[in-house]
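The values are calculated or read from the model by the stated rules, or taken from the named source; none is laboratory data. From a predicted model like this one, the values you see are computed outputs, not experimental measurements. Neighbour counts run over all protein chains shown; Cβ positions are idealised from the backbone, glycine included. We work out accessible area using only protein heavy atoms, side chains counted, and drop any ligands, DNA or RNA first. Shrake-Rupley method; radii C 1.70, N 1.55, O 1.52, S 1.80 Å.
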Amino acid sequence: MEGYFNGVRKRIPGGFEEWLDRRVSAAVSIDMHRGHLEDSADCPCPAPRARAIVEPIDAFHRRCRQLGVPIVHVKTVLRASGIDDIKGYRAAWRLTFPVTVGPIRNADSHALQGTRWTEFVTEVAPGDVIVDTKKRLSIFYPTDLDFLLRNMRIRTVVLTGGFTDCCVLNAAFDASNHDYRVVVCRDLVRGTNEELEEASLKIISLHLGLVVDAKELLAEWESQRPLPTAATR
């Protein structure tokens with residue numbers, strides 16, 4: 001199987017067997033909710049490039065379920081009072097991001113509990129796991145994701161979603177720092193722009209784990225025996 005190392009496609013060398021082992025892997029989807037993906041003027045934190053990966057992620061997840069790979073959907077949900085952020089310690093992105101992208105008119109509504117902005121856009125099936133206590137840029141803080149993954153006997157996290165240069169990159173660093181094996185499906189993540197997306201994937205491949213194409217990862221998983229039976233899916 002091949003991956004991308006500093007942006008160059010190469011054969012994955014020996015030593016990465018655990019990164020590619022279906023039996024200890026979980027697909028972790030990051031912040032694929034309406035607060036990033038809705039195509040409306042009042043979307044509180046727009047990620048328009050990520051709209052193109054909704055159906056590809058859904059298709060990837062459908063095959064994961066068939067192969068017995070568990071799926072974890074992580075999303076940011078902030079208390080409706082705002083005490084987690086805008087009425088507590090404001091997250092840094094609320095100040096830094098608009099300097100580059102311009103004012104975001106409804107940003108104060110981002111991820112507020114009880115609003116439509118926390119609703120998933122990607123499919124969530126029975127048997128999938130939801131982690132909805134993410135409040136900053138990392139999927140591990142202040143969530144119970146690490147506790148969950150260890151109880152699921154997971155060693156490898158396969159990351160999809162957005163932004164590549166923000167929450168995906170933070171997830172990759174934190175996962176690696178927690179001694180998980182990190183795999184990022186390059187065709188199932190999107191960054192703020194192509195330049196930042198490419199830079200983030202290079203950083204991940206240099207320091208944190210594997211950057212691969214989803215279809216090749218699925219083919220690798222499918223080659224591994226035994227495959228789950230209908231009774232065990």
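Structure above, values below:
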| item | result |
| --- | --- |
| Matching residues, segment 164-181, being crowded, with 22+ Cβ neighbours inside 10 Å and either hydroxyl-bearing (Ser, Thr, Tyr) or in contact (Cβ under 8 Å) with a residue 60 or more places away in the chain (or both) | THR164, CYS167, VAL168, ALA171, TYR180, ARG181 |
| Inter-residue pairs, beta-carbon under 7 Å, first under 16 Å from GLY161 (Cβ atoms) and in segment 185-200, second charged (D, E, K, R) and buried (at least 22 other Cβ atoms within 10 Å of the Cβ), 6+ apart | GLU197/ARG190 |
| Pairs with Cβ under 7 Å, 6+ apart, first in segment 140-163 and part of a helix (DSSP H, G or I), second β-branched (Val, Ile, Thr) and open to solvent by 20 Å² or more (accessible area, probe 1.4 Å) | LEU148/VAL129 |
| Pair list, Cβ under 7 Å, 6 or more apart: segment 32-60 residue closer than 13 Å to HIS110 by Cβ and in contact (Cβ under 8 Å) with a residue 24 or more places away in the chain, other residue open to solvent by 10 Å² or more (accessible area, probe 1.4 Å) and of a type in the set (Asp, Glu) | HIS33/GLU119; ARG34/GLU119 |
| In segment 107-139, residue nearest to ASP174 (Cα to Cα) [restricted to those that are open to solvent by less than 40 Å² (accessible area, probe 1.4 Å) and of a type in the set (S, T, N, Q)] | SER138 |
| Scope segment 47-59; condition closer than 21 Å to ASP132 by Cα and in contact with a helix residue (DSSP H, G or I) (Cβ under 9 Å, 6 or more places away or on another chain); matching residues | ALA47, ALA50, ARG51, VAL54, ILE57 |
| Flag for LEU20 being modelled with pLDDT of 95 or more, touching an Asp or Glu at 6+ places or on another chain (Cβ under 6 Å) and surrounded by 17 or more Cβ atoms within 10 Å (Cβ to Cβ) | yes |
| Filtered residue count, segment 203-233, keeping only those that are part of a helix (DSSP H, G or I) and at pLDDT 95 or above | 15 |
| Residue among VAL131, VAL124 that is in a strand (DSSP E or B) and either basic (Lys, Arg) or in contact with a His (Cβ under 8 Å, 6 or more places away or on another chain) (or both) | VAL131 |
| Subset tally (residues that are touching a Gly at 6+ places or on another chain (Cβ under 9 Å) and assigned to a loop (DSSP other than H, G, I, E, B)) for segment 85-114 | 3 |
| Among residues of segment 61-84, those that are in contact (Cβ under 8 Å) with a residue 12 or more places away in the chain and assigned to a loop (DSSP other than H, G, I, E, B), counted | 8 |
| Among the candidates ARG51, ARG62, residue that is open to solvent by 50 Å² or more (accessible area, probe 1.4 Å) and under 15 Å from the mean Cα position of the chain (by Cα) | ARG51 |
| Selection count, segment 65-86, where residues are closer than 21 Å to THR143 by Cβ and either of a type in the set (Ser, Thr, Tyr) or surrounded by fewer than 16 Cβ atoms within 10 Å (Cβ to Cβ) (or both) | 6 |
| Filter result (in a helix (DSSP H, G or I) and buried (at least 16 other Cβ atoms within 10 Å of the Cβ)) within segment 35-48 | GLY35, HIS36, LEU37 |
